């Protein structure tokens, strides 16, 4: 009897750990990652133009993300933003890996040890990789990234229209200052 309880307990613990350690992967039902995707063209510095705000970015301006290839085939992620309140830069280091195949804009990103969240590129300037629309695991996470600190009005309009069509609350989008 004790062995059965121990085995069941270990099995339950294994299931709980695997669910917990997998983090928040997945994507909104309305979102499909871009394909084909070329990581080499995506690497480098991006400016955060607009987002749905969250506590981990609240109050930050001049937000950038830099992606570099890691020796293990993953991607090194450096996010940086300026806090006007504290008059200091905040920076976080993370890592990302493809969830499915490297030709699909669907990665898992971790800034906290074994915990990963979805990073889904659902729209992209496929010719020059000058802008990207990115979702997290659900419609609470949304970003517009650009290679420059500003975008043309038509890119912002497309971002808002497509995001609204995909189920994001576009009334909550904030623009990021880069002055």
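Out of every Cα pair in segment 68-114, what percent are spaced more than 13 Å from each other? So the portion of pairs separated by more than 13 Å is 64 percent. When peptides 138-147, 70-79 are sorted by average Cβ neighbour count within 10 Å, with the highest value leading, the order is 138-147, 70-79.
Between the beta carbons of residue 127 and residue 154, assuming R0 = 22 Å, the FRET efficiency works out to 0.90 to the nearest 0.05. Estimated from helical segments only, the mean residue ellipticity of the chain at 222 nm is -6500 deg cm²/dmol, where each DSSP H run of four or more residues counts as -39500 (n - 2.57). Between helix 2-22 and the chain there is an angle of about 10 degrees, using the helix long axis and the longest principal axis of the Cα atoms.
Taking a ≥ b ≥ c as the square roots of the eigenvalues of the alpha carbon gyration tensor, segment 27-82 is oblate, as a/c is not under 1.5 and a/b does not beat b/c. Run the numbers on the chain and let me know its relative contact order in percent, using alpha-carbon pairs under 8 Å that are six or more apart. Normalised by residue count, the contact order of the chain is 26 percent.
Considering only alpha-carbon pairs that sit under 8 angstrom and 6 or more positions apart, the relative contact order computed for segment 41-103 is 26 percent. The alpha carbon centroids of segment 149-179 and segment 58-89 are separated by 20 Å.
Give the shape of segment 24-175 as rounded, prolate or oblate, defined through the alpha-carbon gyration tensor: a ≥ b ≥ c are the square roots of its eigenvalues, a/c under 1.5 means rounded, and otherwise the shape is prolate if a/b is larger than b/c and oblate if not. Judged from the Cα gyration tensor, segment 24-175 comes out rounded (a/c under 1.5).
FYI, it's all coordinate maths here, none of it is from the lab. The model shown is predicted, which means the values in this text are computed figures rather than measured ones. Neighbour counts are summed over all protein chains in view; Cβ atoms, including those assigned to glycine, are modelled from backbone coordinates with ideal geometry.
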